[in-house]
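Enquirer: Just passing along the structure, written as structure tokens.
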Amino acid sequence: QTHLICCFSPNNRQGKLRLQKWFTPLPERERKKIVRDMTTLVLARKPRTCNFLHWKDLKIVYKRYASLYFCCALEEQENELLALEILHRYVELLDKYFGNVCELDIIFNFEKAYFILDEFLMGGEVQETSKQSIANSIEASDMLQETMEEYMSKPAF
Amino acid sequence: MSPSVRLQELIRVIRSARTQCEERGVIQRECAAIREQFRQNDNGGRSHNLAKLLYVHMLGYPAHFGQMECVRLIASPRYSEKRIGYLGAMMLLDEKQDASLLITNSIKNDLSHSSQYVQSLALCTLACMGSAEMCRDLAPEIERLLKASNSYIKKKATLCAVHIIRKVPELGEMFTPSAHSLLSEKNHGVLHGAVVLITELCERNTQTLDNFRKAVPELVQIMKGLVMSGYSPEHNVAGISDPFLQVRILRLLRILGRNNDRASDAMNDLLAQVATNTDSTKTAGSAVLYETVLTVMDIRSESGLRVLAVNILGRFLLNNDRNIRYISMTSLLKIVQTDHNAVQRHRGTIVDCLKDQDASVQRRALELSLALVSSVNIRSLMKELLLFLSTCPPELRAHAASGIFIAAEKYAPSQRWHIDTILHVLTTAGSDVRDETVPNLIQLITSASELHCYTVHKLYRALVTDISQQPLVQVACWCIGEYGDLLLKGDCEETEPVQVTEDDVLDALETVLQSHMSSPATRAFALTATMKLSTRITENVDRIRSIVSIYGSCIDVELQQRAVEYNALFRKYDHMRAAVLERMPVIDKGQTNGEMSANNIKDLEQTDVKIPEVPLPSNQLCLEVCDLLDLLGGSEEPLQPSQAPPSSVPTPSSTGTGQDLLDLLGGVCPAPVPVVTGVTVYEKNGLTVTLQCDQRTETSVTVSLLASNSTDSDITSFSLQAAVPKSVQLQMKAPSGDVVPAHGAGQVTQTVILMNPNKVNLKMRVRVSYSSQGSFCQDTAQIDSFPTTAWS
């Protein structure tokens, strides 16, 4: 089970958070601390090291895509190589949705990034393994939102 | 201004803030406005406001006042408001907040909504932050949805069920019946969810696990379908058909096959097929292969399959991708004990990984290499390890050094090799070795008597080159002090001859004494070595005398005390000097576990008198390493210098000052050898004294000494005296008598209580005095060990 998936850009040594999804209940303060520690650790990694690191009793898997680091924290017995594939799949989904996704897309449309994530993962597990299926669901949800807005004759969100 | 622009406008404004302070100001103003609008129940802008709040929350600012707004929005009939409301709930609410309970009803309603996208929101939120109570409430709903006809909902309901079981394990029973039937679904999303659900159920309930074993053939079929199927664009990742699903199925098979022959047999062929057919050029394939290997190693697989799995790991080691090399080594580490030979085949590649640039790969390569050391490969492997030691990152040095020592001790092909190896480590990484290295090495050196000359030459050379590595300097000083005469003699077959004069040697020692790099312990070694040389050199004794007297006023109390005592040895006790500074006997090694320690093992097996009987160069009085035994304190009466008749058993001489001077090897204390209770500690002239352990606690031991007599006549005036290390307290109860009857007719027993509050290595020296057949005997026996369980 994945406990956390997050995305941040390097900013000095601590990183600026662009997205974080927790799958385990923890108090707010502890969440902040964990994310802070994790991002510091990942940003401190030298080039040409592998994408995995151990932290406390968790495995951290991270991958850098242009100016963004995508990162997840796993249980000890999870398959790290598959976690890399999961991160990659998520980036692909974002890319498909936004068309050549860049960091600004995720900043200004963060809620969409979450909606997409919620179609891909659930409770820390992979929910759907077909890219197309997820894309279809998101499209349909977006249309539903617009349709209802039109129906209520209120401006679109 | 259109609302959506307002959110994006806010983001733009925040990003353009030049300082943290400015940003904080913008956000505080905005939050105040949002708070106000929440209070006013502004219908139009609610979702936009919440979205803004969520953004601000992500930046790290407090947003708890938005919690109730989430609750309100979730209850709204509008999809857009529900969508952001549920997102807000997942971000701001967790099961600890009271507000989370308030959304339970909304979730319940939405689970039955006509739009599947609304149902999806509810399911997702429940699976993300549902508390145990919410889960209990809504479990029946989820179970109903599991059987729904819509695969979109089914897959989500399945994962929601997984969450429920994680929170409330007892509810597993509710979902077990549906779980199995889900395996016949065609939709990959549902299938994946089903596998996850079954895995969760099996991990929590062994009965369920037994039950689901009958699903193994079905799972095997599904896997086969995935592996053998042609290209399926919908699920293809780098040539692998749905690696996510494959990995989950493999993991489930692992759980089902563990400890069960039948299930393991049923999946054997499939695993072989996956292992051979999966293309591992990309990560997706490697992920599947990795999971396969883990499964093979964990179930009861055939040996052929296991070898296949290890070979896959070996192939991974050669992969260009660093990640794959890393996980390969992690896996090899896990199996190196159980499948040692299979892993040995890949030793070459593993050793190559010692040169990898990634420190975590190097660390694993080091651990693996150390695990693979054997008597066959020790020489070649040690070369690589020593090379690694000189180039490895500093954080790995201590680990490498101690690993090398352990390996060397276990498999050293010769004593000389062993000494060379340790010296090499001390020169390369001397500051990173553990404290007990010094006494261990000294013990090793003393036991290799043929190599004394070679060793002292080598150490002298090392000392002259570099005095910064403390452990090396300490050992070198000790050796020079001990074997200085061999050094001065000049010729040594094993190394090039070098002319060393007495002045050279004393210079070297004085340099150590005066250097600011030398630690206090090192200086103590050097001073004592200098003193010892006074009996091994001929010309420069005066120089030694003056060195020693200078240090009599040294600031360091330890050095000062030694110097004063050595001074006394020069003046008042000069007649004893030669005896006191005699060559040391071979030190008893506690734990021995290598071929080369065979001599010591023989010594230990003789349970007679425990004083090692080693031929010494000039043998008048043999002095034990006695710093641990305070013969002045502890025992009933001080042991006087023995006037025992010359016997084959050398007895220690002990005087007051003698004991203090023999504080030569600060830390040398051989570990106790595991001994069974009822051990014979003395056996001579028909008298047998055995030690029996009556009672032991963490800090005290009660023993009984039993004396029996097998001769024809009684043994009279029998008495025992005992001495123990300084921090231990001794209490001897009255003996049962002082006559040991003949023919083993009776025993004399005496109880001794040892109090060991500091939990030091326990030793006891016992002096036996008795009259037998007209002559008076007095012997000493050393007990180096008490039953090991005393201190476990």
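Enquirer: Could you name the lysines in cross-link range of residue B:684, using Cα to Cα under 28 Å and dropping any fewer than eight places away on the same chain?
Expert: Candidates past the 8-residue exclusion: B:589, B:602, B:610, B:733, B:763.
Enquirer: How big is the gap, in Å, between the Cα center of region B:36-64 and the Cα center of region B:211-282?
Expert: Between the Cα centres of region B:36-64 and region B:211-282 lies a distance of 47 Å.
Enquirer: Let me ask you something else. Run the numbers on chain B and let me know its relative contact order in percent, using alpha-carbon pairs under 8 Å that are six or more apart.
Expert: Computed over chain B, the figure is 5 percent.
Enquirer: Taking θ as phi - 60°, what are the ³J(HN,Hα) couplings along region B:121-127 by the Karplus curve (6.51, -1.76, 1.60), each to the nearest whole Hz, with x for Gly and Pro?
Expert: Computed from phi, the couplings for region B:121-127 are 4, 5, 4, 4, 5, 4, 5 Hz.
Enquirer: While we're looking at this one, here's another question. Counting only the backbone N, which residues of region B:391-429 are under 19 Å from the spot 7 Å out from the Cα of residue A:13 toward its beta-carbon?
Expert: B:395
Enquirer: Let me ask something else. Report, in degrees rounded to the nearest 10, the 0 to 90 angle that the Cα long axis of helix B:359-372 makes with the longest principal axis of chain B.
Expert: Computed tilt is about 50 degrees.
Enquirer: Quick check: Cα centre of region B:682-748 to Cα centre of region B:296-342, how many Å?
Expert: Measuring centre to centre over Cα atoms gives 58 Å.
Enquirer: Continuing with this model, one more query. Could you work out the Kirkwood radius for region B:229-383, taking every pair of different alpha carbons, averaging 1/r and inverting it, reported in Å? Kindly include the intermediate steps, with their values, before the conclusion.
Expert: On the way: mean 1/r = 0.0615 Å⁻¹.
Kirkwood hydrodynamic radius for region B:229-383: 16.3 Å.
Enquirer: What's the tally of Lys pairs in region B:141-255 whose alpha-carbon atoms lie under 21 angstrom apart, where the two lysines are 8 or more places apart or on different chains?
Expert: Taking region B:141-255 as the scope, the lysine pair count is 12.
Enquirer: Let me know the charge dipole size of region B:95-137 about its Cα centre in debye, to the nearest 20, where only the beta-carbon of Lys, Arg (+1) and Asp, Glu (-1) is charged.
Expert: Roughly 60 debye for region B:95-137.
Enquirer: Follow-up. Picking from B:127, B:704, B:725, whose Cα lies most toward the positive end of the charge dipole for the protein assembly as shown (charges on Cβ: Lys, Arg +1; Asp, Glu -1)?
Expert: So the residue we want is B:127.
Enquirer: For helix B:172-181, what angle does its Cα long axis make with the longest principal axis of chain B, in degrees from 0 to 90 and rounded to 10?
Expert: It is inclined by approximately 70 degrees.
Enquirer: Which one of B:163, B:178, B:202 is farthest out on the positive end of the charge dipole of region B:155-268, using unit charges on Cβ (Lys, Arg +1; Asp, Glu -1) and the Cα centre as origin?
Expert: Positive-end residue among those listed: B:163.
Enquirer: Still on this structure: What percent of all Cα-Cα pairs in chain B falls into each 10 Å bin, going from 0 up to the bin containing the maximum distance?
Expert: Result returned by the calculation: 2, 10, 14, 14, 13, 12, 11, 11, 8, 4, 1, 0, 0.
Enquirer: Specify, per residue and in Å³, the volume enclosed by the convex hull of the alpha carbon atoms belonging to the protein assembly as shown.
Expert: About 226 Å³ per residue, rounded to a whole number.
Enquirer: Taking other Cβ within 10 Å of each residue's Cβ, how do A:103, A:128 sort, fewest first?
Expert: Result, fewest neighbours first: A:103, A:128.
Enquirer: Could you tell me the calculated FRET efficiency between residue B:742 and residue B:374, based on Cβ-Cβ distance and R0 = 41 angstrom, to the nearest 0.05?
Expert: The computed FRET efficiency comes out at 0.15.
Enquirer: Suppose every Lys and Arg Cβ carries +1 and every Asp and Glu Cβ carries -1, with no other charges. What dipole size does the protein assembly as shown come out with about its Cα centre, to the nearest 20 debye? The partial results should precede the final answer.
Expert: Values: 97 positive and 109 negative charges, 690 e Å.
So the dipole magnitude of the protein assembly as shown works out to roughly 3320 debye.
Enquirer: Could you please state, rounded to a whole Å, how far the C-alpha centre of region B:138-197 is from the C-alpha centre of region B:450-466?
Expert: 74 Å
Enquirer: Continuing with this model, one more query. For the pair residue B:302 and residue B:416, how long in nm is the line joining their label points, each one 7 Å along Cα→Cβ?
Expert: It is 5.1 nm.
Enquirer: Where in region A:51-84 does the amide nitrogen come within less than 13 Å of the point 7 Å from the Cα of residue A:98, taken along Cα to Cβ?
Expert: From region A:51-84, the list is A:65-70.
Enquirer: Something else now. If I stretch the segment between residue B:19 and residue B:147 completely, what's the gain in nm (0.36 nm per residue apart, minus their alpha carbon distance), one decimal?
Expert: 40.6 nm is the gain from fully extending residue B:19 to residue B:147.
Enquirer: Angle, helix A:80-98 long axis vs. longest principal axis of chain A, Cα atoms, 0 to 90°, nearest 10?
Expert: So the helix axis and the longest Cα principal axis differ by about 30 degrees.
Enquirer: Over the Cα atoms of chain A, what radius of gyration and what Dmax do you get, in Å?
Expert: 16.5, 55
Enquirer: Within 10 Å of each residue's Cβ, count the other Cβ atoms and sort B:478, A:22 from fewest upward. Don't jump to the answer; show the numbers that get you there.
Expert: Details: B:478 27, A:22 21.
The most exposed by this proxy come first: A:22, B:478.
Enquirer: Here is a further query. Please turn the phi angles of region B:418-423 into ³J(HN,Hα) values with the Karplus equation 6.51 cos²θ - 1.76 cosθ + 1.60 (θ = phi - 60°), one per residue in order, whole Hz, x for glycine and proline.
Expert: These are the phi-based 3J(HN,Hα) values: 4, 5, 4, 4, 5, 4 Hz.
Enquirer: Considering the alpha-carbon set of region B:431-517 alone, what are its Rg and its Dmax in angstrom?
Expert: Just the Cα atoms of region B:431-517 yield Rg and Dmax of 12.5, 35 Å.
Enquirer: Whose amide H sits under 5 Å from the amide H of residue A:127, counting only residues 5 or more places off or on another chain, with H placed in the peptide plane?
Expert: Here the answer is A:121, A:122, since their amide H atoms fall under 5 Å of that of residue A:127.
Enquirer: Given points 7 Å out from each Cα along the Cα-Cβ axis, report the residue B:491 to residue B:753 separation in nanometres with one decimal.
Expert: With each label point 7 Å from Cα toward Cβ, the separation is 6.4 nm.
Enquirer: Still on this structure, please answer the following. Determine, at each q value in 0.11, 0.14, 0.20, 0.23 (inverse angstroms), the log₁₀ of I(q)/I(0) that the Debye formula gives when each Cα of region B:1-118 is one equal point scatterer.
Expert: -0.38, -0.59, -1.09, -1.33
Enquirer: Kindly put B:528, B:428, B:680 in sequence by how many other C-beta atoms sit within 10 Å of each C-beta, fewest to most.
Expert: Numbers: B:528 24, B:428 21, B:680 14.
Listing B:528, B:428, B:680 from fewest to most nearby Cβ atoms yields B:680, B:428, B:528.
Enquirer: On to the next question. Return the distance in nm (one decimal) between the two label points of a simple spin-label model at residue A:44 and residue B:184, each offset 7 Å from Cα along Cα→Cβ.
Expert: Label at residue A:44, label at residue B:184, 5.5 nm between them.
Rule-based calculations on the coordinates, nothing more; no lab input. Every value quoted in this text rests on a predicted model; they were computed, and no experiment measured them. Ideal geometry is used to build each Cβ from the backbone, glycine not excepted, and the neighbour counts take in all protein chains shown.
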